[in-house]
Amino acid sequence: MPLHALVEPVAALSESERARTARHAVLAGFGELGQRRLAAGRVAVIGVGGLGSPVVLALAAAGVGELIVIDDDEVELTNLQRQVLHRVEDVGVPKIDSARRAAADLGSATVVTGIRARIDDANADDLLATAHLVIDGSDTFATRAAVAAACERRGIPLVWGTVQEFAGQVTVFWSAPPNGVAPVVLADLYPPETVGEVPSCSQVGVLGALCVQVGGALAIEAVKLITGIGEPLLGRILLIDALTARVREVPLRPSGQSPTPAPDPLPEIPEIDTAEFDARRAAGLAVLDVREPEETELGTVPGARLVPLAAVLENPAALGAGPYAVVCKAGMRAHRAARALAAAGADVVVLAGGMDAWTGGRA
């Protein structure tokens, strides 16, 4: 299930950042509100290696406000097979410098705060003190345990992934998720007594392109948590087998918890055609347009209430019980909004074909 957005949005984006991230603004359920939330986000990235490299690139490109990048290493030639952030000319320089350079090269407003340190039990709380969430791409279990413990104490989400040889894993740990959501922590996946000696990348190798795939998945989880869209991998583990091109997921529950019951089925939302839409609107049926401002500025149904999909999904109960007809461009976003509204007790229908159908009928 979608969770509430992790951060409050900034008041406004700069004109250059608004233009640079324009393709986010038209994403269904994301819009400018989601982009302003990203701009307010502070994400700590542990390690600028195989996983941290694509994470930094993706989140800087996405427009996250601040990346707190923690790594004590320098770039080596053998890193370049999989650590796509670094270049040949970076060999011998601190990895955190590559992170700063990459964000600047993307023209991003993202601030990269580089911390050249190895995170451990003694400094983890201080280093993560200002982060809204943490992405762990480190390469030792001792580091991962220290990071996880600090996140658990602070109650912030930990986006977690691993790669080895041809296999990858991605999940989200969160010791203090919103009410109604079960907490899941690292010990639920790896109880301390079961952790043995983990072979290093230099011992068993890793497929370089797989790091990009897993790192991209980590970045997506961070974006979803910050903006409140989609369903994060909390309580689920994504398993990637690069050799067979198979991706699957398995449930992850708190230790000792009984299996999670199946969720109630999504409510069926009735559709009405343009003729019935016009007739019912003439009789007083309210209209809710869930498109983004850039779309509604070009025209909408007279008298429609304009509420972007992301705002509807964040608090559907705030829109009241209806009745009203939900419209978007072609119908998909309207159905997402209508299901959330119906689950909150509203009486809703969807205009079949959306504004495309309605304006086409007037051509």
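List the relative contact order of region 237-357 as a percent without decimals, with contacts defined as Cα pairs under 8 Å and 6+ residues apart.
26 percent
Treat each spin label as a single point 7 Å out from the Cα along the C-beta direction, and report the Ala12 to Glu74 distance in nm.
Modelled inter-label distance: 4.7 nm.
Can you compute the FRET efficiency between Asp347 and Ala129 using 1/(1 + (r/R0)^6), with r the Cβ-Cβ distance and R0 = 30 Å? Round to the nearest 0.05.
Computed FRET efficiency for Asp347 and Ala129 comes out at 0.05.
What whole number of Å gives the distance from the Cα centroid of region 309-363 to the Cα centroid of region 96-127?
42 Å
Mind putting a number on the dipole of the chain about its Cα centre? Charges go on the C-beta only, +1 for Lys and Arg and -1 for Asp and Glu, and I need it in Debye to the nearest 20.
That gives the chain a dipole magnitude of about 640 debye.
Residues of the chain: accessible area per residue at 1.4 Å, in Å²?
On a per-residue basis, the chain sits at 46 Å².
Count the net charge of all other residues whose Cβ sits under 12 Å from the Cβ of Val111, scoring Lys and Arg as +1 and Asp and Glu as -1.
So the surrounding residues net to +1.
Run the dipole for region 71-210 about the Cα centre, Lys and Arg Cβ at +1, Asp and Glu Cβ at -1, nothing else charged, and hand back the magnitude in debye, nearest 20.
That gives region 71-210 a dipole magnitude of about 400 debye.
On the protein heavy atoms, probe 1.4 angstrom, tell me the percent of accessible surface of region 1-83 carried by carbon and sulfur.
Roughly 55 percent, rounded to a whole number.
Using Cα pairs under 8 angstrom and six or more residues apart, how large is the relative contact order of the chain, in percent?
Relative CO of the chain lands at 16 percent.
As a test of the formula, what do you get for the chain when each DSSP H run with n ≥ 4 contributes -39,500 (n - 2.57) and the sum is divided by the residue count, at 222 nm and rounded to the nearest 500 deg cm²/dmol?
Mean residue ellipticity, 222 nm, calculated: -9500 deg cm²/dmol.
Kindly report, to the nearest 10 Å², the accessible surface of Ile229 as traced by a 1.4 Å probe over protein heavy atoms only.
Surface accessible to solvent at Ile229 totals approximately 40 Å².
Would you kindly state how much longer the chain becomes between Ala330 and Arg246 on full extension, computed as 0.36 nm times their sequence separation minus their alpha carbon distance, in nm to one decimal?
27.0 nm
Among the helices of the chain (complete DSSP H runs), which have Cα atoms covering no less than 24 Å along the helix axis and a Kyte-Doolittle mean of at least -1.0?
Helices meeting the span and hydropathy rule in the chain are 208-227.
Going by accessible area, probe 1.4 Å, with all protein chains left in place, what is the ranking of His86, His4, largest first?
So, going from the largest accessible area down, we get His4, His86.
The values are calculated or read from the model by the stated rules, or taken from the named source; none is laboratory data. Here the structure is a predicted model, which is why all the values come from computation and not from measurement. For neighbour counting, all protein chains shown are included, and Cβ atoms are generated from backbone atoms with ideal geometry for every residue, glycine included. In case anyone asks, the SASA skips ligands and DNA or RNA and just uses the protein heavy atoms, side chains included. Shrake-Rupley method; radii C 1.70, N 1.55, O 1.52, S 1.80 Å.
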